[in-house]
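The values are calculated or read from the model by the stated rules, or taken from the named source; none is laboratory data. Not measured: the values here are computed from a predicted model. Positions of Cβ are generated from backbone atoms using ideal geometry, with glycine treated the same way; all protein chains shown enter the neighbour counts.
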Amino acid sequence: MSAKSVVVVGATAPDIVKLITAINRAGSDNLALEGFLDDDPSKLGTEFMGYPVLGTTAALRDRFRDFWVANNVARDMPTRQKLVRRLASLHVTRHLTLIHPSIDTSYSKIGEGSMLQEGVVLGPLCEIGDHCVLYARAIIGHECIVEDVVFVGNNAIVGARGRVGTGAFIGLNSVIIPYLTIGARSTVGAGSVVVRNVPPDQTVFGNPARAGVQPAQSVAQMS
């Protein structure tokens, strides 16, 4: 198996290095991580997780045009969506999909550029869109539709036959009961229990989850 040369955009969350290492050890793929790209000028010339920060995303036009690109921005979905558009403007076509080898993907569909961390459980006939992030031990029920650029936090549960709209953020330890729809760009706060549909562009939190603004901390920063 020939190695894929990889650059990671976003020298932020360290989990991605561990995930790439796990994939290589299992022989699921052969990924040669060359380093990180980041548009923060203070990071240029430094190292992250032992790998160099090689330049900005502009380097994808020439120096790294033939590399596979992993999107490591996950804290909030508007920023991740902005980066997806940025990569499209740079004509990036090799989006790396990273799936921990512990995950059973039988009867599931997973889009390009998505990242699924250790312990994620995928129910049969579920669909995960492009550029999604599913953190450790998230559970996606059978026949669920998770659209593009969605974040699902640690231990969160999306019940069977649910739908999560593009750009939504599902906080850690939250529960969405079966058959519900979470609207595009909505936020479900950490530890919430969602018992009814959530409209687009709405923030809900609590048990049962209700609309509002999280008083102590932006829910979109809980990851």
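The table for this structure:
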read-out	value
1 or more residues in contact with a Gly (Cβ under 9 Å, 6 or more places away or on another chain) and within 21 Å of Phe151 (Cβ to Cβ): qualifying strands (runs of 3 or more DSSP E) within the stretch 1-56	4-9, 31-37
Unmet criterion (only one of (1) in contact with a helix residue (DSSP H, G or I) (Cβ under 8 Å, 6 or more places away or on another chain); (2) surrounded by 17 or more Cβ atoms within 10 Å (Cβ to Cβ)) for Val164	(1)
Among the candidates Arg137, Arg80, Arg85, residue that is over 13 Å from the mean Cα position of the chain (by Cα), outside any loop (DSSP other than H, G, I, E, B), under 23 Å from Thr12 (Cβ atoms) and basic (Lys, Arg)	Arg85
Verdict on Arg85 being touching a His at 6+ places or on another chain (Cβ under 9 Å) and not aromatic (Phe, Trp, Tyr)	no
Whichever residue in the stretch 77-103 is within 18 Å of Val146 (Cβ to Cβ) and not β-branched (Val, Ile, Thr) and, among such residues, is surrounded by the most Cβ atoms within 10 Å (Cβ to Cβ)	Met77
Arg61 being surrounded by fewer than 16 Cβ atoms within 10 Å (Cβ to Cβ), touching a residue at least 12 places away in the same chain (Cβ under 8 Å), among the basic types (Lys, Arg) and out of contact with any Asp or Glu (no Cβ under 8 Å at 6 or more places or on another chain)	yes
All positions within the stretch 148-188 that are under 18 Å from Thr79 (Cβ atoms) and among the hydroxyl-bearing types (Ser, Thr, Tyr)	Thr166, Ser186, Thr187
Selection status of Val69, assigned by TED's automatic domain parsing to the domain that holds Asp38 and touching a helix residue (DSSP H, G or I) at 6+ places or on another chain (Cβ under 8 Å)	yes
Unique residue being at pLDDT below 95 and buried (at least 20 other Cβ atoms within 10 Å of the Cβ) when the list is Ala74, Ala70	Ala74
Members of the stretch 22-57 that are more than 22 Å from the chain's Cα centre (by Cα) and farther than 28 Å from Glu118 by Cβ	Pro41, Ser42, Leu44, Gly45, Gly55
Residue count for the stretch 171-199, restricted to those that are at negative phi and in contact with a Leu (Cβ under 9 Å, 6 or more places away or on another chain)	6
Residue ID - nearest to Pro101 (Cα to Cα), chosen from residues in the stretch 145-161 that are buried (at least 24 other Cβ atoms within 10 Å of the Cβ) and over 12 Å from the mean Cα position of the chain (by Cα)	Ala156
Qualifying residues in the stretch 12-50 (those that are touching a helix residue (DSSP H, G or I) at 6+ places or on another chain (Cβ under 9 Å) and in contact (Cβ under 8 Å) with a residue 40 or more places away in the chain) - the one surrounded by the fewest Cβ atoms within 10 Å (Cβ to Cβ)	Ser28
Search result, residues across the stretch 172-197 that are out of contact with any Pro (no Cβ under 7 Å at 6 or more places or on another chain), aliphatic (A, V, I, L, M) and outside any loop (DSSP other than H, G, I, E, B)	Val175, Ile176, Ile182, Val188, Val194
